[in-house]
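Rule-based calculations on the coordinates, nothing more; no lab input. As the structure is a computational prediction, the values presented were derived from the model and not from experiment. Because the Cβ atoms are built from the backbone with ideal geometry, glycine has one as well, and the counts that use them run over all protein chains shown.
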Amino acid sequence: MRASPCPTLLIAAPASGQGKTSVTAALARLHARQGRRVRVFKCGPDFLDPQWLELASGQPVDNLDLWMNGEADVRARLARAAAQADLILVEGVMGLYDGQPSAADLAQRLGIPVLAVVEASAMAGTFGALVHGLRRYWPGLPWAGVLANRVAGTGHAQMLQAGLRDGDGPWWGALPRSEGFALPQRHLGLTQAGELPDALARLDALADALEGTPLGQLAWPEWQRWGVELGQPAEPASQPWLAARRIAVARDAAFSFIYPANVETLHALGAEVVFFSPLADEPVAEADALWLPGGYPELHAPALAAARRTRMSVLRHVHAGRPVWAECGGMMVLFDGLTLTDGTRVPMWGLLPGEVRMQARLAALGPQAWDTPWGELRGHTFHHSVVQTPLAPASYTQPVSPGGRGEAILRCGPVRASYFHAWFASNPRAVAQLFLPEERAADAATLTAIGQAEPGKEALR
């Protein structure tokens, strides 16, 4: 166990798409290759960037959000990491000052120095103006310096460095533009790291490029300048509301939007967590409850439609009156059909009445709060699909951002489903209720509406 303060950086940018994930992953990979214990965190709700950061660091990646987590949870996670790690890196979200709370709020509140990453491919002197604004917009913001990204060459880098005003550095160098270590994207964000056979090679190429910069060549003792006192680690208190309960969780390329902190919360509540893969047509293990998390069912729709063993085991689970919590992509597969952006309709599992349609534009984005009988459960929403269903919502989440809209919470027998992604640690007691049975079993009419087949019989549509 190391002693605090722990060298800690928050990697931020003027906007999304500037290369925060690439630089954070490159730093993590570079120091991990040198034998250091690196813990990486991601600001805000995000499932995709953390996959790359976990691959780079070799350690699970938690999310930090002053609203979704709460400040106490943020501080506790950082303190526990600092007790074990040599270096902590926090990737920001959107632009440095975007959102309420923003990455700048986190840096200021916890005293974490900001390393600004600026995509400078189409600028020269304006680079200095941008950095000056980032540095000076909030007086007293902890500052570590600036790194330019996607730079054309040495001459371009020199022009960028010359544009910096005194006090806006240090200048930590420039990364070139290169397809060799670009991280590909699709709707919702980066392509999942596990889908690319050369993912680690891309990260190594990034780390190699960073190693040639002043930041990459900085001697390890010099990193202590960014030491942050993150407090004493303490394990979160929890009640064993799910003691002796077994929860089955879908996990594969179609169901990969799983916060490590959510699994950690289930364990803290006393549950045993077992995983299965619908893409491999694995049946749900004998379990007291089922969690179908979000992911990319639209990318794997034919395989999910053909997963007869998985579908039948889910149907048996539901007919037995056992709870199901289905989030976003996990909810989408439960409806009758899924229509892709090219107009192709793929039959889904038919456990909920209705149709899901993918669309090119974003349908919803932002933080959400669900006012449950056991208190407020916090989370977020982010999806490109819409649902048409005769089911009347049992309740709605409340948007936090102005102009947002709430997400429906659907109930059908023991199934609860929503586009809402919950951050379990924000209210463990409310989460426990998602995985506990109702006081009385659902009536036969409701169960008939859930599935048109008896357990054990062919029911694919």
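What number, rounded to the nearest 500 deg cm²/dmol, is the helix-based mean residue ellipticity at 222 nm of the chain, given -39500 (n - 2.57) per DSSP H run of at least four residues and division by all its residues? Can you show the working numbers first?
Numbers: 13 runs with 121 residues, N = 461.
The helix-only estimate for the chain comes to -7500 deg cm²/dmol at 222 nm.
Can you check what the net charge comes to around ALA122, using other residues whose Cβ is under 12 Å from the Cβ of ALA122 (Lys, Arg +1; Asp, Glu -1)?
Numbers: positive: ARG150, ARG177; negative: GLU119.
Once all neighbours under 12 Å are counted, the net charge is +1.
Within the chain, what percent of beta bridges assigned by DSSP are antiparallel, to the nearest 5?
Working: 31 of 73 bridges.
Given both bridge residues lie in the chain, the antiparallel proportion sits at roughly 40 percent.
Rounded to the nearest 20 debye, what is the charge dipole size of the chain about its Cα centre when +1 sits on each Lys and Arg Cβ and -1 on each Asp and Glu Cβ?
On the way: 39 positive and 43 negative charges, 22 e Å.
Result for the chain is approximately 100 debye, rounded to the nearest 20.
Tell me the label only: which of (1) 4, 17, 26, 24, 15, 8, 4, 2, 0, 0; (2) 4, 20, 31, 26, 11, 3, 2, 1, 0, 0; (3) 4, 20, 29, 24, 15, 7, 2, 0 is P(r) over Cα pairs in 10 Å bins from 0, in percent as calculated from this structure?
Given (1) 4, 17, 26, 24, 15, 8, 4, 2, 0, 0; (2) 4, 20, 31, 26, 11, 3, 2, 1, 0, 0; (3) 4, 20, 29, 24, 15, 7, 2, 0, the calculated one carries the label (3).
If you place +1 on the Cβ of every Lys and Arg, -1 on the Cβ of every Asp and Glu, and leave all else neutral, what size is the dipole of region 1-77 about its Cα centre, to the nearest 20 Debye?
Values: 10 positive and 7 negative charges, 98 e Å.
Value, rounded to 20: 480 debye.
Just rank LYS20, LYS42, fewest to most, by other beta-carbon atoms within 10 angstrom. If you can, show how the numbers build up before the last one.
On the way: LYS20 29, LYS42 26.
Ordered by Cβ neighbours within 10 Å, fewest first: LYS42, LYS20.
Compare the peptides 51-61, 351-361 by average per-residue count of other Cβ atoms within 10 angstrom and give them in order, highest first.
Working: 51-61: 22.4, 351-361: 17.3.
Result, highest mean first: 51-61, 351-361.
Considering Cα pairs under 8 angstrom that are at least six residues apart, work out the relative contact order of the chain and quote it in whole percent.
Numbers: 1043 pairs, mean separation 61.2, N = 461.
The value is 13 percent.
Would you mind ranking SER418, SER277 by Cβ crowding within 10 Å, fewest neighbours first? Intermediate values should be presented prior to the final figure.
Working: SER418 28, SER277 15.
Fewest to most other Cβ atoms nearby, the residues stand as SER277, SER418.
By counting other Cβ atoms within 10 Å of each Cβ, how are CYS412, CYS328, CYS43 ranked from fewest to most?
CYS412, CYS328, CYS43
Any idea which of PRO353, GLY163, GLY99 is furthest toward the positive side of the dipole for the chain, if Lys and Arg beta-carbons carry +1 and Asp and Glu beta-carbons -1?
GLY163
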